[in-house]
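The structure appears right after this line, and notes come after that.
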Amino acid sequence: MRLTVRLFASLRERAGRAELVLDGLPEGLDVAGLKRELLARLPELGSLASVRGVIGTQYVADSAPIEPDSEVALLPPVSGGAPERDEDLERGIFELCAGPIDPLVCRLRVSHPSCGASVLFTGMTREENRGRRVLRLEYEAFDAMTGPEMARIFARCRERHGDPDGSRPERRLRMLCQHRVGVVEVGEPSVVIAVASPHRAQAFEACRFLIDELKASLPVWKKELYPGGEHWIGERS
């Protein structure tokens with residue numbers, strides 16, 4: 001059996017690539033079996049016990065069967081487990097998410113005893129736009145570019161609103177952005193930005209800057225689906 005496996009974040013770094021094409025896999029493989037095969041071929045991946053499988057845009061259990069020629073994504077945990085590294089949050093963390101986003105978890109991830117303020121922005125799918133009833137949204141990302149582009153946005157935010165050279169810790173920022181891909185239903189969060197800082201002014205300014213810059217340049221596209229039609233947002237009709 002042949003499968004394509006997509007890897008993200010720490011798994012991608014350990015493997016040294018974002019996508020694997022695996023041949024010669026046994027028939028009737030489930031997600032747990034795929035993890036065992038991966039570890040046998042790439043022991044540098046380390047433990048996959050807390051890694052979740054995604055088929056399509058849905059999280060699946062380890063017991064879920066995998067069809068031949070499928071594409072499976074393996075996602076390391078986005079919360080819980082080992083604490084976030086301070087230096088990572090101060091640079092800014094960006095994550096594309098195939099499953100639901102929990103804004104409260106995002107806020108907790110940026111919290112720190114040194115920060116007296118946190119600001120949370122949540123963008124959600126609304127039920128009406130352009131005078132039409134929205135059924136759902138579909139997001140598509142150029143995922144090889146989203147991380148580097150968001151890193152540039154974080155860098156500009158630190159220059160403008162934070163402590164870029166470490167000389168002003170009273171302006172230090174902790175930043176996290178999660179963005180959905182795939183189908184997002186009405187009322188669900190599609191993007192969450194959480195910022196914490198010692199003082200409220202920097203947190204408000206940085207959060208506003210990040211969402212405005214994200215909307216302007218991050219290579220993520222949104223399609224609205226209506227009864228009897230659809231529209232890519234940003235295109236002229």
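Readers should treat all values here as calculations from the given coordinates under stated rules, not as data from a laboratory. Since the model is a prediction, treat every value here as computed from it, not as a measurement. Cβ sites come from the backbone with ideal geometry, for glycine too, and all protein chains shown count toward neighbours.
Considering only Phe142, Phe121, Leu108, and ranking their Cα positions along the charge dipole of the stretch 101-146 that arises from unit charges at the beta-carbon of Lys, Arg, Asp and Glu, the one farthest toward the positive end is Phe121. Taking other Cβ atoms within 10 Å as a rough exposure proxy, His199, His161 sort from fewest to most as His199, His161. In this Cβ point-charge picture (+1 for Lys and Arg, -1 for Asp and Glu), the chain has a dipole of about 720 debye about its Cα centre. Modelled spin labels at Lys223 and Ala49, positioned 7 Å past Cα toward Cβ, are 4.1 nm from each other. If the chain linking Arg208 and Met145 were pulled fully straight, counting 0.36 nm for each residue of separation and taking away their Cα-Cα distance, it would gain 20.5 nm.
With angles folded into 0 to 90 degrees, how steeply does helix 200-217 sit against the dominant principal axis of the chain? Use alpha carbons for both and round to 10. Rounded to the nearest ten degrees, it is 50. Simple spin-label estimate for Val21 and Asp102 gives 3.8 nm between the two label positions (7 Å along the Cα-to-Cβ direction from each Cα). For Arg2 and Val186, FRET efficiency with R0 = 35 Å and r from the beta-carbon atoms, rounded to 0.05? Approximately 0.40, to the nearest 0.05. Helix 143-161 and the long axis of the chain differ in direction by around 20°, with both axes built from C-alpha atoms. The string of couplings for the stretch 17-22 from the Karplus curve (6.51, -1.76, 1.60, θ = phi - 60°) is 6, 9, 9, 10, 10, 10 Hz, one whole number per residue in order, with x for Gly and Pro.
Got a sec? Charge dipole of the chain, +1 on Cβ for Lys and Arg, -1 for Asp and Glu; which of Gly99, Val54, Ala64 is way out at the positive end? Value computed over the given set: Gly99.
Extending 7 Å from the Cα toward the beta-carbon at both Arg126 and Asp62 defines two label points whose distance is 4.4 nm.
Ranking of Phe204, Phe209 by neighbouring Cβ atoms within 10 Å, starting from the fewest: Phe204, Phe209. When shorter helices are ignored and each DSSP H run of at least 4 residues is given -39500 (n - 2.57), the per-residue value for the chain at 222 nm works out to -9000 deg cm²/dmol. Arranged from fewest to most other beta-carbon atoms within 10 Å of their beta carbon, Leu104, Leu38, Leu22 become Leu104, Leu22, Leu38.
Put a plus charge on the Cβ of each Lys and Arg, a minus charge on the Cβ of each Asp and Glu, and nothing anywhere else: the dipole of the stretch 136-237 about its Cα centre is then about 440 debye.
For the stretch 137-179, which semi-axes, largest first and in whole Å, follow from the square roots of 5 times the eigenvalues of its Cα gyration tensor? Walk me through the intermediate numbers first.
Values: eigenvalues 145, 23, 9 Å².
After scaling each eigenvalue by five and taking roots: 27, 11, 7 Å.
Residue by residue, the stretch 170-175 carries 3J(HN,Hα) couplings of 5, 10, 5, 10, 10, 10 Hz when phi is fed to the Karplus relation 6.51 cos²θ - 1.76 cosθ + 1.60 (θ = phi - 60°); x denotes Gly or Pro. For the stretch 198-237, a Kirkwood radius taken over Cα pairs fed into Stokes-Einstein (10 °C, viscosity 1.306 mPa s) yields D = 126 µm²/s.
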